[in-house]
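The values are calculated or read from the model by the stated rules, or taken from the named source; none is laboratory data. Predicted, not measured: the structure shown is a model, and the values here were computed from it. Here the Cβ positions follow ideal geometry from the backbone for every residue, glycine too, while neighbour counts run over all protein chains shown. Areas reflect the complete protein model, heavy atoms only, side chains present, ligands, DNA and RNA absent. Shrake-Rupley method; radii C 1.70, N 1.55, O 1.52, S 1.80 Å.
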Amino acid sequence: MSILNEISTLLQKGRAPKVKELVEQAIAEGIAPQEILEEGLLSGMSVIGEKFKKNEVFVPEVLIAARAMNAGVEILRPHLISAGVKNKGSVVIGTVKGDMHDIGKNIVKMMLEGKGLEVIDLGVDVPPERFIEQAKEHNVNIICCSALLTTTMNEMKTVVEKAKDAGIHESVKIMIGGAPVTQQFCESIGADFYTPDAATCSDVALKICCGEIA
């Protein structure tokens with residue numbers, strides 16, 4: 001088994017210390033940082049994402065795999081920067097104003113990072129203006145809004161309206177999700193994409209950032 005395959009396999013098992021050790025070893029062997037990232041860390045997280053989508057693994061497994069990925073990325077980050085490797089895209093994410101739920105949002109964040117995207121996490125109870133302000137400041141590709149309560153869903157509509165008012169909705173896509181959210185609701189508020197789960201969200205987000213879907 002090649003060292004990159006080994007990194008991928010151990011990441012899927014959540015073996016953070018071993019992943020860290022093998023990333024260091026791969027760097028020492030002269031393997032390109034981007035190759036370690038793509039074929040080791042991200043490929044492992046991609047497998048976890050697919051299994052999560054099929055209910056073959058659950059939240060705890062996603063969390064420990066993400067922890068292992070982050071351990072490897074921390075070692076790799078300075079080498080990626082010095083090699084001039086850029087993120088595939090960037091996303092602002094948060095749970096909308098009035099809503100304090102963050103488990104779903106946190107899983108989406110991990111899945112997005114597992115696709116090689118930079119994620120600016122605004123946390124919970126995020127006012128619409130903050131989504132827009134941070135999207136502009138970080139020049140992101142996507143705003144991701146999460147809601148778990150029917151009473152807070154309409155905050156997503158305000159985010160869409162604020163994005164239009166700020167003149168960024170042409171260049172920044174708005175993705176929405178959460179238990180009460182539907183495709184019909186997405187269309188009714190003028191958001192760009194609804195996805196039913198974290199793994200699908202990360203797949204769609206990557207395609208947006210790579211220009212595969214508009």
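Descriptive notes on the structure:
- Two tests apply to each whole DSSP H helix in the chain, Cα reach of 20 Å or more along its axis and mean Kyte-Doolittle hydropathy of at least 0.0, and the ones passing both are 59-82.
- Principal semi-axes of the equivalent ellipsoid, √(5λ) from the alpha carbon gyration tensor of region 80-202, are 22, 16, 13 Å from largest down.
- Translational D in µm²/s for the chain (Stokes-Einstein at 10 °C, 1.306 mPa s, Kirkwood Rh from C-alpha pairs): 90
- With contacts taken as Cα pairs under 8 Å and at least 6 residues apart, region 1-87 reaches a relative contact order of 42 percent.
- When only Cα pairs below 8 angstrom with a gap of at least 6 residues are kept, the chain shows a relative contact order of 19 percent.
- Max mean-square fluctuation residue, GNM over the chain, Cα-Cα springs under 10 Å, options I189, I120, I81: I81
- Each peptide in 100-106, 14-20 was scored by the mean count of other Cβ atoms within 10 Å over its residues; highest first, the order is 14-20, 100-106.
- Along the chain, the longest continuous region that contains none of the GluC sites (Glu not before Pro) in a DSSP loop with at most 12 other C-beta atoms within 10 Å is 57-169.
- For the set S2, S90, S188, solvent exposure ranked by accessible area (probe 1.4 Å, protein chains only) runs largest to smallest as S188, S2, S90.
- Rel. contact order, % - alpha carbon contacts under 8 angstrom, at least six apart, region 51-126: 33
- Amide H partners (placed H, <5 Å) of T95, local residues excluded: G123, V124, D125, V126, S146
- Shape annotation for region 1-57: C-alpha extents along the principal axes are 37, 20, 17 Å, from largest to smallest.
- Its DSSP H runs of at least 4 residues, each contributing -39,500 (n - 2.57), put the calculated 222 nm mean residue ellipticity of the chain at -16000 deg cm²/dmol, to the nearest 500.
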